[in-house]
1. Give me the strands (runs of 3 or more DSSP E) completely within segment 254-339, filtered to those with at least 2 residues that are open to solvent by less than 50 Å² (accessible area, probe 1.4 Å), within 19 Å of Gly222 (Cβ to Cβ) and not acidic (Asp, Glu), ordered by residue number.
2. Among (1) of a type in the set (A, V, I, L, M); (2) farther than 21 Å from Ala157 by Cβ; (3) more than 21 Å from the chain's Cα centre (by Cα); (4) surrounded by fewer than 21 Cβ atoms within 10 Å (Cβ to Cβ), where does Ala53 come up short?
3. Could you list, in sequence order, the residues of segment 209-260 that are under 20 Å from Ile291 (Cα atoms), touching a residue at least 40 places away in the same chain (Cβ under 8 Å) and of a type in the set (A, V, I, L, M, F, W, C)?
4. Among all residue pairs at least 6 apart or on different chains, which show Cβ distances below 9 Å where the first residue, located in segment 93-104, is under 15 Å from Gly115 (Cβ atoms) and the second is surrounded by fewer than 18 Cβ atoms within 10 Å (Cβ to Cβ) and not aliphatic (A, V, I, L, M)?
5. Regarding segment 19-37, can at least one residue be identified that is modelled with pLDDT of 80 or more, under 15 Å from the mean Cα position of the chain (by Cα) and surrounded by 24 or more Cβ atoms within 10 Å (Cβ to Cβ)?
6. Given the conditions (1) over 30 Å from Asp22 (Cα atoms); (2) in contact with a Leu (Cβ under 9 Å, 6 or more places away or on another chain); (3) modelled with pLDDT under 95, report the number of the one that Ile355 does not fulfil.
7. With Val79, Val108, Val62 as the choices, which residue is at pLDDT 95 or above and either open to solvent by 30 Å² or more (accessible area, probe 1.4 Å) or basic (Lys, Arg) (or both)?
8. Yes or no: segment 148-168 includes at least one residue that is over 20 Å from Ala97 (Cβ atoms), at pLDDT below 95 and in contact with a Lys or Arg (Cβ under 6 Å, 6 or more places away or on another chain).
Amino acid sequence: MLGLIVNPVAGIGGPAGLAGSDGAAVQARAGARGAASRAAERALIALGVVASAHPGTRVLTVAGAMGADVARAAGLEPVVVAQPGEPTDAADTTDAARALADAGASLVLFVGGDGTARDVAAGLGSDAAALGIPAGVKMYSPVFAVSPRAAGGVAAAWLAEGGLPVHEQEVLDVDEEALRHARVEPRLFGTLAVPFRPGRTQARKAATPADEHAAVRAAARGAASAIRPGVRYLLGPGGTMTELARRLGVPKTPLGVDVVLDGRRVIAGASEAELLSEIARGPARAVVTVIGGQGFLLGRGNQQLSARVLRALGDDPLLVVAPEQKLIDLGGRPLLVDTGDPRVDAGLAGFIRVITGPSTTSIYPVNAPEHEGEGHAP
């Protein structure tokens, strides 16, 4: 039987330009910046796939916004086994995971990011499998599907086949306050048994080896030479972008999106609304890098670069910069874009030029995660 937990505030810090969504104070700041969580929307996409394959399926879940509401909206039958507090917090997720396991859930779908995965792992135990529907800001852990639709496909296959092979995967998380001070130190908080389907579950984020730092500097030099006067550049998060900013002579928030124009930083740690305002003032382009091991360009840690922002940037919105080795390490898998808008993702799919050095580029395929691994789809 399926279980479902929705973190109703998952990912709210992303569009707000914050480095996560953990804690009531951060969630309040995000709300004040006009951000809203898309957790329910992404849960509905996943559950819609399940409902299409198994109409009327009963789902063990939590009352209200933590599960029952979206299960009912998807056409499934919620069976409430846990009551959250108001407002909800991390303890509600841990208690819910424990209640779902006790009620007999064999696969628990949870909606959120690394913080939610950590809370699920604390309560679930070893008797049930789990799979994350990606909706958070931080997603270092290899416990998530590559997209909500992919999560729904795996869950539907789980029901049809009475289970799937599972891999024991690490649950990693970082201290968000440390992130805001540019210290990225993922820690292991437990493990989850995750159902595996090729191309449907994401890999762990890979760190940049020390011997690749020279390649990062080379790629950044190549990107710096592509910068043009009079154009606003929206520099995404990551070490490669930090190196690019250094070469441009501007400071950089390592995990935020900064706006740079003509050799000066216009905005540090911009929200989605601030990016839209800057784009309206003149030519602009987003500069992003590849998440090592996962291949994501958009939708993981840079949710400020939303579908609305991508549409506002026009027909050629992205300048992609990455060391060649990051592409080689993908083993032929395409780069991925997950803005949450299938039309925008489809428009970005195809091939893209990746700057890999001062005079070198690669033409590399880009895909939407909805289509990744289709040859192995359930």
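The values are calculated or read from the model by the stated rules, or taken from the named source; none is laboratory data. Only a predicted model underlies this, so the values are computations on that prediction, with no experimental measurement involved. Don't worry about glycine lacking a Cβ; one is built from the backbone with ideal geometry, like all the others, and counts go over all protein chains shown. In case anyone asks, the SASA skips ligands and DNA or RNA and just uses the protein heavy atoms, side chains included. Shrake-Rupley method; radii C 1.70, N 1.55, O 1.52, S 1.80 Å.
1. Output list reads 284-288, 318-321.
2. Of (1) of a type in the set (A, V, I, L, M); (2) farther than 21 Å from Ala157 by Cβ; (3) more than 21 Å from the chain's Cα centre (by Cα); (4) surrounded by fewer than 21 Cβ atoms within 10 Å (Cβ to Cβ), only one is false for Ala53: (2).
3. Ala215, Val216, Ala218, Ala219, Ala220, Ala223, Leu234, Leu235, Met241, Leu244, Leu255, Val257
4. Ala97/Gly125
5. Yes, segment 19-37 has at least one match.
6. Result: Ile355 passes all but (3).
7. Val79
8. Yes, some residue in segment 148-168 is over 20 Å from Ala97 (Cβ atoms), at pLDDT below 95 and in contact with a Lys or Arg (Cβ under 6 Å, 6 or more places away or on another chain).
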